[in-house]
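Student: Take this structure first; my questions come after.
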Amino acid sequence: MIWHIFQALFLATAISFAGSIQLGPVNFGTIRTALRYNKKSAILFGFGGSLPELFYSALALGSSNLLSRYEYLDDYLKYLTIGVLFIFGIYLIFQKPTEASEKDSPDKGNHVWRGMGFGILNPQLYPFWLFIITNLRSNNLLTDERWPVQAAFVIGTAAGAFLLQYLVAVVTSKKREFVYMKLTKNYNKILGAVILAVAVFQLVINL
């Protein structure tokens, strides 16, 4: 069973890392935090943004049969999330950018909670992991249903996402001046536009 645990952990970590490379709200949020505050704050934000992977992957792994029986509930949740994304995206677009400052940096807990907020509002996580888990099982790559193996898989989904956010925070901090010059006047608008694009995409595919 130990081999299956490590296999599930490595598999989920690799898939999550690759799946998180696409530009999304958490990635932009990590960049924004690195620019506005510092590397440590960005890492904390990225850590918070990775935690919802635990919830969505566990939901996809353990409750897919239940949700398939109550499809209307899944639809309500999707449209509710889309509405929240629209509001959040519009808020960011109209929010004025602020200068980077160490003095007004929120405490560590706030960075983690902000990251979680960005991550939990990503409606693509659940269908993404549901699709991945279904394909892994159909190809006999995730057949062990014992809880330690499934727990390792769930932990791996967050580990892969955090690994990418850590790299984003480090690279942005090292190239701070270049990235800041490119995004300092527009990162709120860019982030808001990305969130709105995700909301529109989700609305279109669910119509």
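All of the numbers you see were taken from the coordinates with simple rules; none came from a lab. Please read all numbers here as calculations on a predicted model, not as lab measurements. Cβ: placed from backbone, ideal geometry, glycine included. Neighbour counts: every protein chain shown.
Student: Work out how much length TYR91 to ALA14 would gain on full extension: take 0.36 nm times their residue separation and subtract the Cα-Cα distance, in nm to one decimal.
Tutor: Details: separation 77, 0.36 × 77 = 27.72 nm, distance 3.38 nm.
Full-extension gain reported as 24.3 nm.
Student: Would you kindly derive the ³J(HN,Hα) couplings of the range 31-41 from the backbone phi angles with the Karplus curve 6.51 cos²θ - 1.76 cosθ + 1.60 (θ = phi - 60°), listing them in order in whole Hz, with x for Gly and Pro?
Tutor: Ordered by residue, 3J(HN,Hα) equals 4, 4, 5, 5, 6, 7, 10, 7, 4, 4, 5 Hz.
Student: Using a simple spin-label model with points 7 Å from Cα along the Cα→Cβ vector, what separation in nm is obtained for HIS4 and ASN139?
Tutor: 2.0 nm
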